[in-house]
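Following: one structure in structure tokens, then a few remarks.
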Amino acid sequence: MSEHEAVAEDTTHAEVTTRSVAEHLNSLLLSADSAAQRIVQEAEARAQGQLAEVEHRIALMEAEAAKLAGWRREIEQMVTALASALGEFARDVEGIPQRVDEALAPLATYVPVLARQIDELRGALVTDQAEGGSGDYPQSSEAAMYQEQAEDHPEPGRVEAGWAAGWADLDDGNG
């Protein structure tokens, strides 16, 4: 083998090696490109899936927020109505003493008159019994109290009713 042949063979061998390296590199680049495309596609698919999940959760949260806002409006309306009703109730409760006084005023007006009539009836009975023979009936403490009220307040409708502190006062005759 001559030097020329050896150089030609080395050149051929170098070309084959260069070509095979180029083909190998090309194959590696194609494989890397394909792998990179697969990775990008998988990442995009994963990202789209995650984005869809996030959008779904956002939609759920917006629906819950709308529901809560609706409940809030309903509760505000109920609280407003309740506050109004409580205000009316408070006004009604404040008027109860006046209404009780108005209801009992006619009774309070006639109690002294009734007490005086009872005393007159008792006096008439005492007189009849004194003539027929038996004892004297003194005026009761309640009748005396009503008689005093009648004398202090001779005009009907102007008598003020006193209030008993409790049922026990009525039993004692202090009411």
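Which condition does VAL113 not pass, out of (1) more than 46 Å from the chain's Cα centre (by Cα); (2) modelled with pLDDT under 65, if it passes all the others?
Here VAL113 meets the rest and fails (2).
Hey, any hits in the range 148-158 for a residue that's within 39 Å of the chain's Cα centre (by Cα), modelled with pLDDT under 90 and part of a helix (DSSP H, G or I)? Please lay out each step first, then the result.
Start the filter on the range 148-158 by keeping residues that are within 39 Å of the chain's Cα centre (by Cα), which leaves none.
So far as the range 148-158 goes, no, none of its residues is within 39 Å of the chain's Cα centre (by Cα), modelled with pLDDT under 90 and part of a helix (DSSP H, G or I).
The rows are residues; the columns are (1) at pLDDT 95 or above; (2) surrounded by 10 or more Cβ atoms within 10 Å (Cβ to Cβ); (3) β-branched (Val, Ile, Thr).
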position: GLU53; (1), (2), (3): yes, yes, no
position: ILE58; (1), (2), (3): yes, yes, yes
position: ARG72; (1), (2), (3): yes, yes, no
position: GLU76; (1), (2), (3): yes, yes, no
position: ALA81; (1), (2), (3): yes, yes, no
position: ARG91; (1), (2), (3): no, no, no
position: ASP101; (1), (2), (3): no, yes, no
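The values are calculated or read from the model by the stated rules, or taken from the named source; none is laboratory data. If you're wondering where the values come from, they're calculated on a predicted model, not measured in any experiment. FYI the Cβ positions are ideal-geometry reconstructions off the backbone, even for glycines, and counts take in every protein chain you see.
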